[in-house]
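Since the structure comes first, as structure tokens, the remarks are kept for the end.
The values are calculated or read from the model by the stated rules, or taken from the named source; none is laboratory data. A quick note: this is a predicted structure, and the numbers were derived from the prediction, not measured. So basically every Cβ, Gly included, is an ideal-geometry build from the backbone, and we count neighbours across all protein chains shown. These area figures cover heavy atoms from the full protein model, side chains too; ligands, DNA and RNA do not enter into them. Shrake-Rupley method; radii C 1.70, N 1.55, O 1.52, S 1.80 Å.
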Amino acid sequence: MRRFLHRLFSTNKIRKKMILYFFLTTFLMSITSLYTYYNARMFMLKMNTMFMSNVYLNELYSDVSKAEGYLENFLSTKHSDSLREYIRYSNNLRQKTEKIRKEISNIESQLLLKDIANMIDTYLIEADAAVNAKRGRDINEYITRYTEANKIAGYINLYINRLNTKQFEENTARYLVILDRLNLIQLLNIIIIADVVVFNIILILWFTFKITKPIISLSQAADEISKGNFDVEQVVVNAEDEISVMADAFNRMASSIKNYIDEIKGKAELEGRLKEQEMQNLIMKNLLKEAELHALQSQINPHFIFNTLNAGVQLAILEGADRTSAFMDNMGHLFRYNIRKLDQPVTLREEISNINAYIYILKTRFADKIEFLHEIDESIIDIKMPCMILQPLIENAFIHGISEMEYGGKIMLKVVRIKDRVEVTIEDNGRGMNEEKIKQILEGGEENTLIYGRVKHGHTTGIGMGNVISRLKLFFNRDDIVSIFSSPGKGTRVVIRMPMGDVDKPEKNGEE
């Protein structure tokens with residue numbers, strides 16, 4: 001923070017002037033506003049105190065009057081509702097007298113208020129005695145008590161009126177003092193605001209003139225240069241700030257621009273050579289990309305070959321030649337596909353044909369452990385794509401998804417066209433994976449088919465998800481090719497989106 005403030009105020013003089021100006025005006029306006037707010041708040045607090053004291057006395061007067069009225073009504077009618085209301089208001093009066101006694105003060109108005117509280121206590125004693133006498137049908141007693149209570153109520157009202165008058169006089173004096181202070185505050189506010197406004201106007205005019213004058217000179221000189229007139233007079237700025245630095249730089253630029261014109265031709269020739277070099281770099285980049293594409297190809301796993309041939313031999317021993325023939329035919333198709341066209345694109349149709357052979361072998365080896373479903377739009381499967389893409393994904397779904405399931409494992413291959421792209425979806429109902437694993441695979445941080453640098457047993461190609469994603473991105477030159485949707489225990493869905501027109505179809509070469 002300290003370094004920031006030092007840079008803020010020491011390295012940029014125009015910025016320093018502007019910041020100081022705004023800080024000064026903001027400070028003055030803030031002080032004025034806070035001063036006004038403080039005095040207004042104090043005024044409101046005092047007025048609120050004055051108002052609340054009058055409200056309190058009026059409430060006290062009202063409670064005494066209502067208690068007296070309900071008492072009189074009960075003594076004359078002996079109605080229970082009147083007695084209940086009398087008791088309610090008498091309780092209110094007791095609570096208020098208790099609150100008055102807790103406030104210790106020698107102010108005359110407070111002493112009067114305590115006298116009222118004492119009289120209220122006496123009134124309630126007499127009134128309660130009158131109620132009890134009425135209930136006991138002692139006519140003389142309740143008349144005597146009621147007469148005394150009524151007399152005390154009159155004194156209470158008299159004292160309340162006297163206290164109201166006293167507080168009115170005190171509040172009037174306070175109000176006049178506050179009003180005088182408020183008028184003084186308003187006058188001071190007007191003076192301060194006027195001074196700040198005048199100061200701001202003067203400062204703005206001066207600051208604007210100091211900044212705009214050299215800028216106008218610079219703009220006029222720049223306009224002349226833009227018209228081809230390089231014989232402009234140098235701009236002179238009598239100030240030591242950033243505008244002076246800018247003017248000096250502009251003058252140096254104007255004096256040297258003629259020399260730059262002579263160098264344009266040489267730069268144009270150099271630029272031509274640079275473009276030629278860029279073209280060569282682009283060709284080299286494409287060659288490197290193609291080499292990277294080839295380098296990502298993997299070799300067939302000998303462990304899988306051994307297991308598969310062993311299964312074929314056992315099958316030939318146990319049963320007739322038909323299934324063994326079909327098994328070995330699909331095995332031969334799979335081997336041939338793994339060793340051909342590794343450096344050439346293939347069609348989606350060829351990839352699907354290879355998958356069918358691979359699935360036949362899996363179903364032969366693992367019987368009814370897996371179920372393979374497919375939904376394929378035949379009109380779009382001639383699109384070009386890299387070789388050995390679908391088989392690693394099917395392998396990944398089987399080995400990492402459903403291989404540990406005793407039964408009910410399903411793998412679904414779906415090929416559809418959506419707008420201008422072909423979507424290939426491979427989905428299984430296996431154990432799935434978490435979001436961290438998905439992110440790791442998509443970012444190429446893990447080859448999930450490799451363990452400690454060796455191919456995991458069961459894979460035919462050794463090609464992992466990272467390999468497949470990298471080759472697809474290189475082939476289509478796009479990053480949004482593959483998406484993975486999965487959660488633990490709910491299977492995995494891999495979606496490949498291949499643009500139909502983004503890749504030129506290569507010429508067909510001879511096939512083995």
Which residues, taken from region 200-216, are in contact (Cβ under 8 Å) with a residue 24 or more places away in the chain and surrounded by fewer than 14 Cβ atoms within 10 Å (Cβ to Cβ)?
none
Here the residues within region 347-403 that are of a type in the set (D, E, K, R), over 42 Å from the mean Cα position of the chain (by Cα) and farther than 18 Å from MET465 by Cα are ARG349, GLU350, LYS363, ARG365, ASP368, LYS369, GLU371, ASP377, GLU378, ASP382, LYS384
If you take the residues in region 237-257 that are modelled with pLDDT under 75 and open to solvent by 100 Å² or more (accessible area, probe 1.4 Å), which one is nearest to the chain's Cα centre (by Cα)?
GLU240
Region 342-359, residues that are in a helix (DSSP H, G or I) and open to solvent by less than 40 Å² (accessible area, probe 1.4 Å):
LEU348, GLU351, ILE352, ASN354, ILE355, ALA357, TYR358, ILE359
Residue count, region 370-394, condition closer than 16 Å to ASN429 by Cβ and surrounded by 13 or more Cβ atoms within 10 Å (Cβ to Cβ), comes to 6
Options ILE339, ILE394, ILE383, ILE352; residue that is over 21 Å from ILE411 (Cα atoms) and modelled with pLDDT of 90 or more
ILE383
TYR155 - would you say it is assigned to a helix (DSSP H, G or I), more than 30 Å from PHE43 (Cβ to Cβ), open to solvent by less than 70 Å² (accessible area, probe 1.4 Å) and hydroxyl-bearing (Ser, Thr, Tyr)?
no
Failed item in (1) farther than 23 Å from TYR159 by Cβ; (2) at pLDDT below 80; (3) open to solvent by 70 Å² or more (accessible area, probe 1.4 Å), with GLY136 passing the rest:
(3)
Matching residues in region 360-369 - criterion: being open to solvent by 10 Å² or more (accessible area, probe 1.4 Å) and touching a residue at least 24 places away in the same chain (Cβ under 8 Å)
TYR360, THR364, ARG365, ASP368, LYS369
Within region 62-94, residues being surrounded by fewer than 18 Cβ atoms within 10 Å (Cβ to Cβ) and under 15 Å from ILE116 (Cβ atoms) number 4
Based on this model, can you work out whether LEU184 counts as open to solvent by 50 Å² or more (accessible area, probe 1.4 Å), part of a helix (DSSP H, G or I) and under 30 Å from LEU45 (Cβ atoms)?
yes
Just name the residue that is nearest to VAL245 (Cα to Cα) out of those in region 189-199 that are in contact (Cβ under 8 Å) with a residue 40 or more places away in the chain and open to solvent by less than 70 Å² (accessible area, probe 1.4 Å).
VAL196
Could you tell me which numbered condition ASN171 fails, if it satisfies all but one of (1) among the polar types (S, T, N, Q); (2) over 30 Å from THR25 (Cβ atoms); (3) surrounded by fewer than 14 Cβ atoms within 10 Å (Cβ to Cβ)?
(3)
